Amino acid sequence: MRRLFPMLIPALLAPALLAAPAFAQAQAQAQAQAPAPAPEASAAAPDRALRADHRARRTVLALSETAEVCRAPDEVHAVLRAEARAGNAAAAQAALNAAMEKALAAARAVSGITATTGAYWTSRNEESRQWVATQGLRLRGSEAAPLLELAGSLQEQRLAMGELGWSLSRPQEQAARQEAERMAIAALRARAEAVAGQLGLKVAAIRRLQLGEVERPQPRMMALAMARSPAAPAPVSAPEDVIVQATVSAEIVLSP
């Protein structure tokens, strides 16, 4: 038994001693095959930090500019009012309807004139105990002479002049507004460049652009003649240029 034990020890150790070089070789191969750290991963952090610093150094400038253009009006209009009085509402309305039909017939007989009716209302006058019926008539045309002559003849029919004025037609107004918007945007860009230059910066981008809401140009009012006596002359018009405005605002990004 004592002779057998010394012989077993070398026999048991032999496989382990043989496997050790193979294990070491496999470990070395695995380390060699492992991918090296990507250079981009190490450079990504400084690049992100640089971009964050660049954004932090930007300046946002809020600006607003308004431009306007003047256009000669190309449309004339007049608003008249027909009125009838009677002892009861039905009679007042019947008289008003007859007067309005006659006025519309006269307007439709004139070439180039568009006639439309306005609000219609009836009320009782407590002082005179009479019913009063009223309705508006609007005339619109591109030439002043025939419209003014028509307005004069309608006044002779006892229609009262309520408004007389000039304005821009829809196509002319849209064209003028677009031109004003172009002027406003150009002025805003020029002002942004000037401010950036004063700060030692440059315009990097326009982050937000907004066109202001501007009301439709109001017609220029002229002298009115309410009730006229028969054979009185037609109203006189003196048109004035219409001013169309456009406002633009924006956020300008400035950078070094």
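The values are calculated or read from the model by the stated rules, or taken from the named source; none is laboratory data. Because the structure is a prediction, the values reported are computed rather than measured. Note that each Cβ is placed from the backbone with ideal geometry, even for glycine, and that neighbours are counted across all protein chains shown. Ligands, DNA and RNA are excluded from the accessible area calculation, which covers all protein heavy atoms including side chains. Shrake-Rupley method; radii C 1.70, N 1.55, O 1.52, S 1.80 Å.
Note on Glu143/Ala62: beta-carbon distance plugged into 1/(1 + (r/R0)^6) with R0 of 30 Å gives a FRET efficiency of 0.05. Given R0 = 45 Å, the distance between the Cβ atoms of Glu179 and Arg124 translates into a calculated FRET efficiency of 0.30. Taking 7 Å steps out from each Cα toward its Cβ at Arg108 and Arg81 produces label points 2.6 nm apart.
Within region 55-105, what whole-number % of the accessible surface is contributed by carbon and sulfur, with the 1.4 Å probe and all protein chains included in the calculation? Provide the component values of the computation, followed by the final result.
Working: 1290 of 2670 Å².
The nonpolar share, carbon plus sulfur, comes to 48 percent.
Compute the accessible area per residue over region 158-203, keeping the other protein chains in place, probe 1.4 Å, unit Å².
55 Å²
The modelled label-to-label distance between Gln157 and Lys202, using points 7 Å beyond Cα along the C-beta direction, is 7.1 nm. The distance from the alpha carbon centre of region 70-93 to that of region 138-214 is 27 Å, rounded to a whole number. With a simple spin-label model that places each label point 7 Å from the Cα along the Cα-to-Cβ direction, the separation between Ser249 and Glu101 comes to 5.5 nm.
In terms of packing, defined here as the mean over residues of other Cβ atoms within 10 angstrom, the peptides 185-194, 238-247 line up highest first as 238-247, 185-194.
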